[in-house]
1. Keeping the other protein chains in place, figure out the carbon and sulfur percent of the accessible area of the chain, with a 1.4 Å probe.
2. What does the highest-first list of 79-85, 156-162 look like by mean Cβ count within 10 Å?
3. At 1.4 Å probe size, with every protein chain present, just tell me what the per residue accessible area of the chain comes to in Å².
4. I'd like the accessible area for Tyr172, computed on protein heavy atoms only with a 1.4 Å probe and all protein chains in place. Round to 10 Å², please.
5. Under 21 Å Cα-Cα from Lys188, which lysines qualify once same-chain neighbours fewer than 8 residues away are excluded?
6. Give the lysines whose C-alpha is closer than 25 Å to that of Lys52, dropping any in the same chain fewer than 8 places away, or say none.
7. Points 7 angstrom from Cα along the Cβ direction at Arg191 and Tyr133: gap in nanometres?
8. Can you list the chymotrypsin sites (Phe, Trp or Tyr not before Pro) in region 64-104 that are in a DSSP coil and have 15 or fewer other beta carbons within 10 angstrom?
Amino acid sequence: MSIWVRIGEFVTSVTLNAISSVIEAVQTVFEGDADTRRRVAFSIAMIALSAKMAKADGVVTQDEIRAFQNIFSVPQEERAHVARLYDLARQDVAGFESYARQLARLCSEGQSNCHLLEDILDGLFHIATADGYVHDKEMAFLSRVAEIFGFDEAEFERIALRYVEGGEGDPYAILGLVRGVTFEEARKRYRALVKEHHPDRLIAEGLPLEFITIANARLAAINAAWASVEKQLEAA
């Protein structure tokens, strides 16, 4: 059954007052089904953060709404339910930090190497850059979310460089490499990143298939950075 169908069923079965209480209700409704509970809670919390992200600069643009829809290709019959959650999150007085913390907890449940938090940041950057650039307030929002997720400044910069300056940031930084690295070391790092960020991983981890959009864009940035580094190292 589609995750959007499960979310639709959930939305129609609970009282919606605040998005934070909705996320908490997931724990009860899907008790006994840990995998579905995590996927539904993750998707709802991601919708909440997306709504908060779109409001970070004070204006929700059509470009940002389309960027959200580009990530989450929700079936026509379920869109009203997702829109209801999205609007509820925009109107909720609760701060985005609470959603970020809930996502961090969801990610850590039973997993020793959870990649979902970077996927979330990628999705939020995708929305933030929908109107052409990342506003200062949006960058502050993203930086705070990354901090709650446990990313240090270097890790956050590595992710941000895939989106700022049209994705044409320092290719070494994008790959997490230092200048002076050997060709073999750089290639080993590149291959590890490709394996880590391959779209098949998202499917295996149970994320909505719509996140393939994010994975493909991320992999493209990694490949472009490697092409630049490879050319420089071969010419050295």
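The values are calculated or read from the model by the stated rules, or taken from the named source; none is laboratory data. Because the structure is predicted, anything quoted here is derived from the model rather than measured. Glycine gets a Cβ as well: all are built from the backbone with ideal geometry, and neighbour counts include every protein chain shown. Keep in mind that these areas ignore ligands, DNA and RNA; they rest on the heavy atoms of the full protein, side chains included. Shrake-Rupley method; radii C 1.70, N 1.55, O 1.52, S 1.80 Å.
1. Values: 5530 of 11240 Å².
About 49 percent, which is the carbon plus sulfur part of the accessible surface.
2. Details: 79-85: 16.6, 156-162: 20.0.
Ranked from most to least packed, the peptides come out as 156-162, 79-85.
3. On the way: 11240 Å² over 236 residues.
Computed with neighbouring chains in place, this is 48 Å² per residue.
4. 10 Å²
5. Filter leaves Lys231.
6. Within the straight-line cut-off, Lys52 pairs with Lys137.
7. 4.1 nm
8. Details: sites: Phe68, Phe72, Tyr86, Phe96, Tyr99; in loops: Phe72.
For chymotrypsin sites (Phe, Trp or Tyr not before Pro) across region 64-104 that sit outside H, G, I, E and B with at most 15 neighbouring Cβ atoms in 10 Å, the list is empty.
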